[in-house]
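Everything below concerns the one structure shown next.
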Ligand SMILES: [Zn+2]
């Protein structure tokens, strides 16, 4: 009904004879049909499906890299992607735990707050070039099995990690007009801390799987290619994403076999990472405690890295996702910041426009202890409410909307 009255209004304006308005009306027609395609695609996401995918991931506990539960999770993810019609491949690499003092950057969970409680009026440097303002709480990685009270889950998480061969899975929606160019949509599937890694990073992994489902719909076509990647070994220092960049960067845009129209590694146009998508309960109070409920001001934080070689292009990509959030997200807004850090978009950021989406800014807010479940035994499916899950869903709506536009998605009639 509303659409009809708007149409009547613009028809009236056209009759009134403003050439500028008439032109605007004519130009709006194709844009409107593109918008309605994107709206239709976004509507194929839903909270119950998103939650069910997170729940499915939690059956493998914390999915720590180098364990049977991690390998079983890779198999499960691959089965989901295939069931949605998204053809999968695996990237293989070897992982050896670095000697102390020679670790690559990107370890999560280094103490930021040191247990400091009230330090209002203080400011100190955080990771990625950020500044941590206000009150902060302790952060770190739980390595104590006895802090997991659920005996079944403790047993599930008990196998230690061993060095050796590693695999990670990705699937690809091939573009129908320009298959040799692609966007990469990523999240890390491994976790830590003797919980279920439901938020870090079941929430990002499920988002990527859900986007693969929607874009693989039999009636969905995109001009350009989209790759959905579930990185392994993020928590040990971004090794899975680094291995991908090392092995595949030089293959970009090469048709193989020549004349086949096939591009095993299309040229990278952008990389969008999703890491911890659900919990935005605000800053710790003076007592170091974080509120029990999602704050009313909760938002999706889109970050680029201002010190990277592709800073200008990455910033542009960030604003594109922010605009898609305003257009297509249903419940929560998005904010853009310049301090992307400690996630799988980092190995890409000097090569291709790269951004991350999160529940909070990684340096200033996660680093300040805003998520008390981070790498803890309480990162469980049951910890989170629908208001939390919905923040992850809104991030999915934002990325889906942006990528549908950027890849020229259309629906076959
Ligand atoms: Zn993470």
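The values are calculated or read from the model by the stated rules, or taken from the named source; none is laboratory data. All of these numbers come straight from a predicted model, not from anything done at the bench. For neighbour counting, all protein chains shown are included, and Cβ atoms are generated from backbone atoms with ideal geometry for every residue, glycine included.
Do we find a residue being within 16 Å of the ligand (Cβ to nearest atom) and buried (at least 20 other Cβ atoms within 10 Å of the Cβ) anywhere in segment 395-408?
yes
Look through segment 252-269, keep the residues that are on the phi < 0 side of the Ramachandran plot and touching a strand residue (DSSP E or B) at 6+ places or on another chain (Cβ under 7 Å), and return whichever of them is surrounded by the most Cβ atoms within 10 Å (Cβ to Cβ).
For segment 252-269, the residue satisfying everything is 266.
Quick check on my filter: what residues within segment 226-255 are under 14 Å from residue 351 (Cα atoms) and within 16 Å of the ligand (Cβ to nearest atom)?
241, 242
Going by the structure shown, is residue 224 buried (at least 22 other Cβ atoms within 10 Å of the Cβ), at pLDDT 95 or above and over 30 Å from residue 387 (Cα atoms)?
Spelling it out, residue 224 is indeed buried (at least 22 other Cβ atoms within 10 Å of the Cβ), at pLDDT 95 or above and over 30 Å from residue 387 (Cα atoms).
Among the residues of segment 242-256, is there at least one that is farther than 30 Å from residue 180 by Cα and within 21 Å of the chain's Cα centre (by Cα)?
Among the residues of segment 242-256, not one is farther than 30 Å from residue 180 by Cα and within 21 Å of the chain's Cα centre (by Cα), which makes the answer no.
Could you list, in sequence order, all residues of segment 303-324 that are touching a helix residue (DSSP H, G or I) at 6+ places or on another chain (Cβ under 7 Å) and closer than 20 Å to residue 182 by Cα?
Within segment 303-324, 304, 320, 321, 324 meet the criteria.
With the requirement that a residue be within 15 Å of the ligand (Cβ to nearest atom) and touching a helix residue (DSSP H, G or I) at 6+ places or on another chain (Cβ under 6 Å), what does segment 160-189 give you?
168, 187, 188, 189
With the structure loaded, tell me whether residue 196 is in contact with a strand residue (DSSP E or B) (Cβ under 6 Å, 6 or more places away or on another chain), assigned to a loop (DSSP other than H, G, I, E, B) and either within 16 Å of the ligand (Cβ to nearest atom) or touching a residue at least 24 places away in the same chain (Cβ under 8 Å) (or both) or whether it fails that test.
no
Conditions tested, residue by residue: (1) out of contact with any strand residue (DSSP E or B) (no Cβ under 7 Å at 6 or more places or on another chain); (2) in contact (Cβ under 8 Å) with a residue 40 or more places away in the chain.
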| residue | (1), (2) |
| --- | --- |
| 288 | yes, yes |
| 309 | yes, yes |
| 318 | no, no |
| 321 | no, yes |
| 328 | yes, yes |
| 334 | no, yes |
| 339 | no, yes |
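For every residue, the table says whether it meets (1) at pLDDT 95 or above; (2) outside any loop (DSSP other than H, G, I, E, B); (3) surrounded by 20 or more Cβ atoms within 10 Å (Cβ to Cβ).
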residue: 73; (1), (2), (3): yes, yes, yes
residue: 76; (1), (2), (3): yes, yes, no
residue: 94; (1), (2), (3): yes, yes, no
residue: 99; (1), (2), (3): no, no, no
residue: 105; (1), (2), (3): no, no, no
residue: 113; (1), (2), (3): no, no, yes
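Here is a yes/no grid of residues against (1) at pLDDT 50 or above; (2) over 20 Å from the mean Cα position of the chain (by Cα); (3) within 30 Å of residue 239 (Cβ to Cβ); (4) assigned to a helix (DSSP H, G or I):
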position	(1), (2), (3), (4)
3	no, yes, no, yes
8	no, yes, no, yes
14	no, yes, no, yes
24	no, yes, no, yes
36	yes, yes, no, yes
41	yes, no, no, yes
48	yes, no, no, yes
55	yes, no, yes, yes
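Among 372, 347, 377, which is the only one that is over 19 Å from residue 295 (Cα atoms), assigned to a loop (DSSP other than H, G, I, E, B) and out of contact with any strand residue (DSSP E or B) (no Cβ under 7 Å at 6 or more places or on another chain)?
After applying the criteria, what remains is 377.
Quick check on my filter: what residues within segment 266-281 are in contact with a helix residue (DSSP H, G or I) (Cβ under 9 Å, 6 or more places away or on another chain) and more than 16 Å from the ligand (Cβ to nearest atom)?
Once the filter is applied, which keeps residues that are in contact with a helix residue (DSSP H, G or I) (Cβ under 9 Å, 6 or more places away or on another chain) and more than 16 Å from the ligand (Cβ to nearest atom), segment 266-281 yields 268, 269, 270, 281.
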